[in-house]
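A.B. asks: Just dropping this structure here.
The values are calculated or read from the model by the stated rules, or taken from the named source; none is laboratory data. The shown structure was predicted, so the numbers you read here are calculated from the model rather than taken from an experiment. As a convention, Cβ positions derive from the backbone with ideal geometry for all residues, glycine included, and neighbour counts pool all protein chains shown. Note: areas computed on protein heavy atoms with side chains; ligands, DNA, RNA excluded. Shrake-Rupley method; radii C 1.70, N 1.55, O 1.52, S 1.80 Å.
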Protein chains: 2
Amino acid sequence: MLQTTTVAEYLFTRLKQLGVGAVHGIPGDYNLRLLDYVVPSGLLWVGNTNELNAGYAADGYARINGLGALITTYGVGELSAINAIACAFTERAPVIHIVGTPPRNTQSSRLMVHHTLGDGDYRHFGQMQSHVTVAQTNLLDPRTAPQQIDQVLQQCMIHCRPVYIEVPLDIVSASVVAENLTHEIAVPRDVPNPAYDVILDSVLERMYSAERPVILVDGETRALGILDHVERMVSSTVWPTFTTTSGKGLINETLLNVHGMYRGSFADATTKAFIDGSDLALYFGPHLSSTNTYNWTGVPQTAAAICFSWDGIKIGDVLHRDISPQYALTQILRKLDLKRLKKSDSCPTFPRGQLLSFSEVSGDESIKQDKVWRLLNSFLRPGDIVFGETGTAGYGVREMLLPEHTRLFTPITWLSIGYMLPACQGAALAQRELMASSKYHEIEGARTVLFIGDGSFQMTAQELATIIRHDLNVVVFLINNDGYTIERCIHGMKKGYNDISTWRYLKAPSFFGAPEDAFTASARTYGELEQVLKQEKLANGTGVRMVEIYMDRYDAPAGPLTMLLDRQKEAKGVDL
Amino acid sequence: MLQTTTVAEYLFTRLKQLGVGAVHGIPGDYNLRLLDYVVPSGLLWVGNTNELNAGYAADGYARINGLGALITTYGVGELSAINAIACAFTERAPVIHIVGTPPRNTQSSRLMVHHTLGDGDYRHFGQMQSHVTVAQTNLLDPRTAPQQIDQVLQQCMIHCRPVYIEVPLDIVSASVVAENLTHEIAVPRDVPNPAYDVILDSVLERMYSAERPVILVDGETRALGILDHVERMVSSTVWPTFTTTSGKGLINETLLNVHGMYRGSFADATTKAFIDGSDLALYFGPHLSSTNTYNWTGVPQTAAAICFSWDGIKIGDVLHRDISPQYALTQILRKLDLKRLKKSDSCPTFPRGQLLSFSEVSGDESIKQDKVWRLLNSFLRPGDIVFGETGTAGYGVREMLLPEHTRLFTPITWLSIGYMLPACQGAALAQRELMASSKYHEIEGARTVLFIGDGSFQMTAQELATIIRHDLNVVVFLINNDGYTIERCIHGMKKGYNDISTWRYLKAPSFFGAPEDAFTASARTYGELEQVLKQEKLANGTGVRMVEIYMDRYDAPAGPLTMLLDRQKEAKGVDL
């Protein structure tokens, strides 16, 4: 007998099969019937405070879990979320954006109903979404709905980018054939080709002949699904390894041959000379934005580089398409004869980041950006997810030495301030689900730790309520430096447009519904910060905890921000 | 000698000339240099908490002031605001959306910089914005920049809809010819045509022969710029006059021949029979969405109707294009011989909305939707701007009898919840500016009063901080009914997805930075509400004041919501 199910159940069963445990979003009248099926399908309904935040949260969830989902309503809901979808597109978060749309009759009659622009054209929003999603589908026909769903989900997985599914209100409960559900959706395998072997053998030869090899791990390594391969490469070759901004947190920084971030023109001379002088740079998962690469100075020399990217394998300046990095690395690792690698004695001692202890600073001193990150470093422990929001925090967290299995969210390319707090909700939820199902490196009790500036916090503050509502294990360090310091660094250091309103930030947990005894504390000096960090409830409590750290509005971590700030300070004649 | 100025100064001088006093928005690195020119041009920089809110605020400002402006940054900023721009497009708020974009070199080199999708294509966002704006321009050439600016501003004024202006970072300070600034930008005049006179004479004849005439004032009356004409028509003919949802607050409800809102199928029998039986319905500014017209039942019969709309003048089902309502009404009012209008004795007594006094209710009784709006009515006074957010509040405020010069914001078509709080910031600022320049009906001390549900409040709560920061005269009545009651009415009355997190709402003013003695109060019973409303500080205080009113989660004002709710309550077998 023909097994049937409904469109909604088909869709949600697929999500469940693919490892999605929770759906983010906001109810709206065009999606309510769809929402009827979420919880019965075994998924958690998160229920965010607004759609932009829901989108950011689904993104954070997706980057930790491997896939995330978001449900919004037609027009008003989906457009509020579109900036989050653009973020997910740019930085490769596989988010399935499901939109409940008006009934098919309403659409085909071009009726002027609410949540439309009033011109009878129901395709505006789909067209807008197509710019920021890698595949789109509109479920107008129950006969083809299962295949349509499967196709976009596969595209989401292949490209690790958001997709867009429109579900008209009146098709939600339509019957569809359930048969496909017995087959898994998967990323298609590479088809072997003798030509590929020749290329990969040449990579191996380059590896065997390398005198000064280096490995650079960039952010697309995650999206390409080659983290395990790269980890094996790093640990088996024991070659000096660095990361880019978005690569940080993807590879175990506690390994002796992993020397932290490569900052290009901002790097120390030893590291820069070594990478510039290397004769082979295995460059995994390049993400070539200015912000990720210190204006493209933080990448290897082309002649030395072999890039494993979305386009294929690039040796020097010759790109070989159609060989996926996953396939290539599998083959290379299988064939690699470690004994043939040259033993290098010439590896210099790279200056590693240093932790700082409170005994090395004066307790009375005001907290400053140059030291605080290395002091906060001691708070982290294996399995934590660390967020450094765009702003001084995003640069500060780069100075931290991350414990094993610690994932890091830093500004990569989209840099939408306000992203990190909601993304933190999604990531913390995924982390909890993974721990609950023992899929989290045998770690329990890991936390999600957010470092965020006051200006960014104001953008999406209400998502703290969702963190509280789901009792997620989140510690928020709020940097109160009286405005948009990152913008002050760039331009208009003392201009009023970089000021923000003054909030009583530590009232946030109580306002947003946390128990009245939720942990909050503030610190203006190193001594105060030391006392705060010692509190058992901060490190090992449950639910949200919040610490307000006061810093100067014209203070930034060393690096590009300080450089920009100094330029403005020096330009005395110029109106700041 | 050739007078020159900069692109930025040209643009902001135009805004100032057109009566814009304040610019909403958020700084971002691509717009910082543009922001340098805002305050020196004599404009107030508002500085909102996020871009969606800034967009809503600019919309609220525009609907009160006549024109509003918003500055965001490329990509992240403008996309966060796009839902607000869609709202402004749909409901006709003339918002000038100015976006600071990357330098022209960066764009033409297709560099992968931050705030881009990373594919080198800089046109994605402009294409997305074109769906929700009536004109777009990209200032790439200083020689044409002045004309480009003038053209889109004129389109904004003609259509009363948002426009989109891209300003690359490196053109901000480029020199342009200033000459155009000596000529005003204005909506082009109608070109007279003898054929129009024939048509307008036929309208006059219909007016003279009408036995049972009626006037219906709809929301586009504002955007069409015919409020004064319509007011003269209403007061001179003394014909029975009604409004639609979005027409309410546009015409003086205290006039004896203005009988409040026409609710179509939800109207009382007397009103419905009268309008259905009228032989002439002058229908001003139709806005024909389902939500504005009680599913199209709240409009006059076609045969009787003469519509004054964006398309022209429609008599019965014959549309005469190219005659603007403004032109038509000017001519009609000039020619109209009031003595030739028939005297009607047959006008029934329409049931007017009734105020309710606290002496008519029991002080111990819980506050309910059926009475509270008529009790709250006494709080309003001339010149107030009243907001009823989408939800029960949006229906509740329709029951209020508005004092003279009271403008009302109700859900019209876009219905994006979260809109009203930021829009309230914009409207209150415009109100203050108008009062300060004595352009507000000789009224001083008018307030902006927001009625909003808890779910809506959560969406954009942080904009309360901007209201506080600018010390705007805003009273917030927050309806705490434990979730999205409007969605409960539509579907899933008891479903978890219509629940929200529980906040301590009255902590909002303090959290968002108001003085610690800012007025807050709560009421669960009519007695408590009466006491609260008596407080001098609530009615006549300054800055933000907030009242939390508790109501039942399954309670809604009479009308469509109650009908939907009752249907669900009756469907006993159905899983709610």
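A.B. asks: Add +1 for every Lys or Arg and -1 for every Asp or Glu among the other residues with Cβ under 14 Å from the Cβ of A:N473, and state the total.
C.D. replies: +2
A.B. asks: 7 Å along Cα→Cβ for the label point: how many nanometres lie between A:A186 and each equivalent label in the other copies, listed shortest first?
C.D. replies: Between copies, matching label points for A:A186 lie 7.3 nm apart.
A.B. asks: Can you tell me which of B:235-243, B:297-305 comes out highest on packing, and rank the rest after it, using the mean Cβ neighbours within 10 Å?
C.D. replies: Result, highest mean first: B:235-243, B:297-305.
A.B. asks: So if the hydrodynamic radius of chain B is defined as the Kirkwood radius over C-alpha pairs, what does Stokes-Einstein give as its diffusion coefficient at 25 °C and 0.890 mPa s, in µm² per second?
C.D. replies: It diffuses with D of about 98 µm²/s by this estimate.
A.B. asks: Restricting the calculation to Cα positions, tell me the Rg (one decimal) and the Dmax (whole number) of segment B:4-182 in Å.
C.D. replies: Taking only Cα atoms of segment B:4-182, I get Rg and Dmax of 14.6, 43 Å.
A.B. asks: For the protein assembly as shown, with every protein chain kept in place, what is the accessible area per residue (1.4 Å probe, Å²)?
C.D. replies: 35
A.B. asks: Can you list the lysines whose alpha carbon is less than 28 Å from that of B:K342, not counting same-chain residues fewer than 8 positions off?
C.D. replies: Straight-distance partners of B:K342: B:K248, B:K272, B:K314.
A.B. asks: Still on this structure, please answer the following. Between B:E442 and B:D121, what is 0.36 nm times their sequence separation minus the Cα-Cα distance? Round to one decimal in nm.
C.D. replies: 110.3 nm
A.B. asks: Please name which of A:M128, A:A423, B:L408 has its Cα lying farthest along the dipole of the protein assembly as shown towards the positive end, using unit charges on Cβ (Lys, Arg +1; Asp, Glu -1) and the Cα centre as origin.
C.D. replies: A:M128
A.B. asks: With a cap of 11 neighbouring Cβ atoms within 10 Å, and only residues DSSP puts in a loop, list the trypsin sites (Lys or Arg not before Pro) found in segment B:432-469.
C.D. replies: Here the trypsin sites (Lys or Arg not before Pro) that fit, given the DSSP loop and packing criteria, are B:K439.
A.B. asks: Can you give me the relative contact order of chain B as a percent, contacts being Cα pairs under 8 Å and 6 or more apart?
C.D. replies: 12
A.B. asks: What lysines does A:K495 reach when the alpha-carbon gap must be under 16 Å and sequence neighbours fewer than 8 apart in one chain are set aside?
C.D. replies: Here the lysines satisfying the reach criterion relative to A:K495 are A:K569, A:K572.
A.B. asks: Per the 1.4 Å probe, what fraction of the accessible area of segment B:194-340, in percent, lies on carbon and sulfur atoms?
C.D. replies: Carbon and sulfur: 53 percent of the exposed surface of segment B:194-340.
A.B. asks: Picking from B:C160, B:G527, A:N48, whose Cα lies most toward the positive end of the charge dipole for the protein assembly as shown (charges on Cβ: Lys, Arg +1; Asp, Glu -1)?
C.D. replies: B:C160
A.B. asks: Check which residues have an amide H placed less than 5 Å from B:A305's amide H, if you skip close sequence neighbours.
C.D. replies: B:A281, B:G316
A.B. asks: Next up: Quick one: putting +1 on the C-beta of Lys and Arg, -1 on the C-beta of Asp and Glu, what dipole do you get for chain A around its Cα centre, in Debye to the nearest 20?
C.D. replies: Dipole about the Cα centre, nearest 20: 520 debye.
A.B. asks: So, R0 is 30 Å and r is the distance between the beta-carbons of B:R321 and A:S109; what FRET efficiency does that work out to, to 0.05?
C.D. replies: 0.80
A.B. asks: I'm a student and want to see the number: the projected area of the Cα convex hull of the protein assembly as shown, averaged over all directions, in nm².
C.D. replies: Value for the protein assembly as shown: 49.2 nm².
A.B. asks: I would also like to ask the following. On the full set of protein chains, 1.4 Å probe, figure out the accessible area of A:D170 and give it in Å² to the nearest 10.
C.D. replies: Probe radius 1.4 Å; accessible area of A:D170 about 70 Å².
A.B. asks: While we're looking at this one, here's another question. Quick one: net charge around A:I185, please, counting Lys, Arg +1 and Asp, Glu -1 for every other residue with C-beta under 10 Å from its C-beta.
C.D. replies: Here the count lands on -1.
A.B. asks: List the trypsin sites (Lys or Arg not before Pro) in segment B:309-374 that DSSP assigns to loop (not H, G, I, E or B) and whose Cβ has at most 12 other Cβ atoms within 10 Å. Which are they?
C.D. replies: The qualifying sites are B:K342, B:K343, B:R352.
A.B. asks: Rounded to the nearest 100 Å², what is the sum over both chains of accessible area buried where A meets B, with a probe of 1.4 Å?
C.D. replies: Approximately 6500 Å², summed over both chains.
A.B. asks: Moving on to the next point. How shielded is B:116-126 by partner chains, expressed as the average number of their Cβ atoms within 10 Å of its Cβ atoms?
C.D. replies: 4
A.B. asks: If you don't mind, another one. Give the long-range amide H neighbours of A:G298: residues separated by 5 or more places, or on another chain, with amide H under 5 Å away, using H modelled in the peptide plane at 1.01 Å from N.
C.D. replies: Correct list: A:S265.
A.B. asks: Something else now. Just to be sure I understand the interface: list residues from segment A:18-37 that lose 50 Å² or more of accessible area between the chain on its own and the complete protein assembly, 1.4 Å probe.
C.D. replies: A:P27, A:L32, A:D36
A.B. asks: Just to be sure I understand the model, the point goes 7 Å from the Cα along the line to the Cβ. What's the resulting A:S357 to A:D268 distance in nm?
C.D. replies: It is 2.1 nm.
A.B. asks: Given the Cα-Cα distance of A:T182 and A:W310 and 0.36 nm per residue of separation, how much length would full extension add, in nm?
C.D. replies: 43.1 nm
A.B. asks: A further question on this structure: Rounding to the nearest 20 debye, state how big the charge dipole of segment A:194-340 is about its Cα centre with +1 on each Lys and Arg Cβ and -1 on each Asp and Glu Cβ.
C.D. replies: Its charge dipole is roughly 180 debye.
A.B. asks: Positive end of the charge dipole of the protein assembly as shown (Lys, Arg +1 and Asp, Glu -1 on Cβ, about the Cα centre): tell me which of A:Y497, A:A93, A:V361 has its Cα farthest that way.
C.D. replies: Ranked along the dipole, the leading option is A:A93.
A.B. asks: Lys and Arg at +1, Asp and Glu at -1: add these up for the other residues within a Cβ distance under 11 Å of B:S173 and post the number.
C.D. replies: -2
A.B. asks: Sort all Cα-Cα distances of segment A:358-570 into consecutive 5 angstrom bins from zero, then give the percent of pairs in each bin up to the one containing the longest distance.
C.D. replies: In whole percents, the pair-distance histogram is 1, 7, 15, 20, 21, 17, 10, 5, 2, 1, 0, 0.
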